[in-house]
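The values are calculated or read from the model by the stated rules, or taken from the named source; none is laboratory data. Since we're looking at a predicted model, the values are computed, not measured. Because the Cβ atoms are built from the backbone with ideal geometry, glycine has one as well, and the counts that use them run over all protein chains shown. For accessibility, only protein heavy atoms count, side chains too; no ligands or nucleic acids. Shrake-Rupley method; radii C 1.70, N 1.55, O 1.52, S 1.80 Å.
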Amino acid sequence: GIVTARLQNKNMTQPPDYDIFVQYEGDLPTHAIYLWLGEQNKESILMYYVGDGETYVTTPDTTNQLRKLLLDE
């Protein structure tokens, strides 16, 4: 889900809803990510802690998966 997010720069003025750490399978490093969690069936926005402020948008399906993990929906 998160690895399929697409680059789409958004000007985020409010603080993120969550600070998350994503661990991938294999030899990839853990990534610290800011998450603005979307409503059910909407996109969410991600931004790496370390980076140049680029934001990534998830699919509504990924948002629904994140909501289930984070909010037990």
Taking 0.36 nm per residue of separation between ASP27 and GLN65 and subtracting their Cα-Cα distance, the length gained on full extension comes to 11.3 nm
Carbon plus sulfur, as percent of the 1.4 Å-probe accessible area of the chain, comes to 49
Computed for segment 10-73: size of charge dipole around the Cα centre, +1 on C-beta of each Lys and Arg, -1 on C-beta of each Asp and Glu, debye to nearest 20, value 160
Taking a probe of 1.4 Å and leaving out DNA, RNA and ligands, segment 1-51 shows per residue an accessible area in Å² of 74
For volume of the Cα convex hull per residue in Å³ the list reads [x] 104; [y] 92; [z] 81; the calculated value is entry [y]
The chain: relative contact order from alpha carbon pairs under 8 Å, six or more residues apart, as a whole percent, is 31
For LEU69, the accessible surface traced by a 1.4 Å probe with all protein chains present amounts, in square angstrom to the nearest 10, to 140
